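The values are calculated or read from the model by the stated rules, or taken from the named source; none is laboratory data. Not measured: the values here are computed from a predicted model. No Cβ is skipped: glycine too gets one built from the backbone with ideal geometry, and neighbour counts run over all protein chains shown. SASA here: full protein model, heavy atoms, side chains in, ligands and nucleic acids out. Shrake-Rupley method; radii C 1.70, N 1.55, O 1.52, S 1.80 Å.
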Amino acid sequence: MTRRRMIAALMGCLAAWQIGTTTGFAANWADSLFAEKSHHFGPVPRGAKVKHEFVLTNRLGEPVTILNLRPSCGCTSGRASASSVNPGESATVEAQMDTRNFLGEKATILFVTLVTASGREAEVRLYVTSHILADIVLNPGSIDFGTVVKGQASAQSLTIDRINGANWRFERMVSASRAITAQLVETKREPNGAVSYRLDVGIKPDAPAGPIRDEIRLLSNDREARSVPVMVTGWVRGDLSASPSLLTMGEAASAEGKQGKFIIRASHPFAITAVEGAGDGFSVSPTDGTRKAMHILSVAYKPEEGTTRGDLRRVFRVTTDIPGEPPLDLTATIHVAP
């Protein structure tokens, strides 16, 4: 088993290196923005969800828009930390793989479509590969809390089972998160080598409002599959909320553009102190600084000369004077006709 794992992992790394060095899939300017274009997760338990962040750094003299993320397989998904990256700035493109339905070596591609402010468009291929083990299984493959109200207690569990692991055990856990708690309990160890653990994960009552996207690593005494990653996701909802959560502005087919509104609420009166995200044809209504429990934020889009056409996505960051409340990110989408 150990020898087969080592050979499979080495072959996977070689395959990932070979496909990652293939040229010609995108213009050189787009490829050069990524520090790396392939990643091998190594041995991964069956059922686990694993993720890797590829770093995009804009070394051009104009803004770059991440227009689309398209996976080659339903087991893979992608998310970008920003939709637009200005010159000199960086963003991450996260590739996530779900290993539930596969065994052995599995390689997929995340296609990233980029477009510059001047209209140059190119596609970059990001490769992710895993060697999915048959003898270690996670159920479920990750911890997802969904939406939790700030201060509300919430806990979830998953199991880790292994066959033929008479001497196998976890030695410690590693996590950099300050928002979650975790406890690992051995629940079974049988003479035939079957071993089971239960991982209990909770959200701390003082966890700040905002997204939770962390990873717990369970470190075992198996040198070939030492680390078992457990993804933990969720959203801690603070006092601030917005409706709609996603503003769809339709199609801008003329120079008049389009308009839409967000309704921002809290349980107590508050003031909006700043709104970021305007530009490239997008604008927001100015705030008057008054304190009230509900604000209406108007968003408008009007095509400008040289602006990007097609499907656009814009994130507006709203800052308030509510103590301890993080900024609220509001997303608007629009299709701009050529």
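Couple of notes before you dig in:
Residue-wise test of (1) under 25 Å from E186 (Cβ atoms); (2) of a type in the set (S, T, Y).
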| position | (1), (2) |
| --- | --- |
| S220 | yes, yes |
| R223 | yes, no |
| P229 | yes, no |
| W235 | no, no |
| D239 | no, no |
| T248 | no, yes |
| E256 | no, no |
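- When residues of the stretch 155-167 are limited to those that are surrounded by 17 or more Cβ atoms within 10 Å (Cβ to Cβ) and among the hydrophobic types (A, V, I, L, M, F, W, C), the one nearest to V236 (Cα to Cα): L158
- Subset of the stretch 83-97 (residues that are touching a Leu at 6+ places or on another chain (Cβ under 9 Å) and either among the β-branched types (V, I, T) or open to solvent by 40 Å² or more (accessible area, probe 1.4 Å) (or both)): V85, P87, S90, T92, V93
- Enumeration of residues in the stretch 194-224 that are among the aliphatic types (A, V, I, L, M) and without any contact (Cβ under 8 Å) to a residue 40 or more places away in the chain: A194, V195
- Residue satisfying condition, being modelled with pLDDT under 90, of a type outside the set (A, V, I, L, M), more than 30 Å from Q183 (Cα to Cα) and surrounded by fewer than 13 Cβ atoms within 10 Å (Cβ to Cβ), within set S267, S243: S267
- So R100, is it surrounded by fewer than 20 Cβ atoms within 10 Å (Cβ to Cβ), assigned to a loop (DSSP other than H, G, I, E, B), touching a Lys or Arg at 6+ places or on another chain (Cβ under 8 Å) and at pLDDT below 95: yes
- Filtered residues of the stretch 179-207 (kept if under 30 Å from T319 (Cα atoms) and touching a strand residue (DSSP E or B) at 6+ places or on another chain (Cβ under 7 Å)): A179, I180, T181, G202, I203, K204, A207
- Where a residue in the stretch 175-193 is within 30 Å of G210 (Cβ to Cβ) and its partner, wherever it lies, is of a type in the set (F, W, Y) and in a strand (DSSP E or B), with Cβ under 8 Å and at least six apart: L184/F170; L184/Y197; V185/Y197
- Qualifying residue in the stretch 177-193 (condition: touching a Leu at 6+ places or on another chain (Cβ under 9 Å), polar (S, T, N, Q), surrounded by 13 or more Cβ atoms within 10 Å (Cβ to Cβ) and part of a strand (DSSP E or B)): no
- Matching option when the condition is over 27 Å from L114 (Cβ atoms), out of contact with any Asp or Glu (no Cβ under 9 Å at 6 or more places or on another chain), surrounded by fewer than 19 Cβ atoms within 10 Å (Cβ to Cβ) and among the small types (G, A, S), among A278, A274, A255: A274
- Selected residue (only one of G12, G24, G74 is part of a helix (DSSP H, G or I), farther than 30 Å from G279 by Cα and either of a type outside the set (A, V, I, L, M, F, W, C) or at pLDDT 95 or above (or both)): G12
- Residue in the stretch 246-257 that is under 23 Å from E94 (Cα atoms) and touching a residue at least 12 places away in the same chain (Cβ under 8 Å) present: yes
- Test set (1) hydrophobic (A, V, I, L, M, F, W, C); (2) open to solvent by 60 Å² or more (accessible area, probe 1.4 Å); (3) over 24 Å from P211 (Cβ atoms) - A300 fails condition number: (2)
- Residue in the stretch 95-114 that is free of Cβ contacts under 8 Å to residues at least 40 places away in the same chain and in contact with a Cys (Cβ under 6 Å, 6 or more places away or on another chain) present: yes
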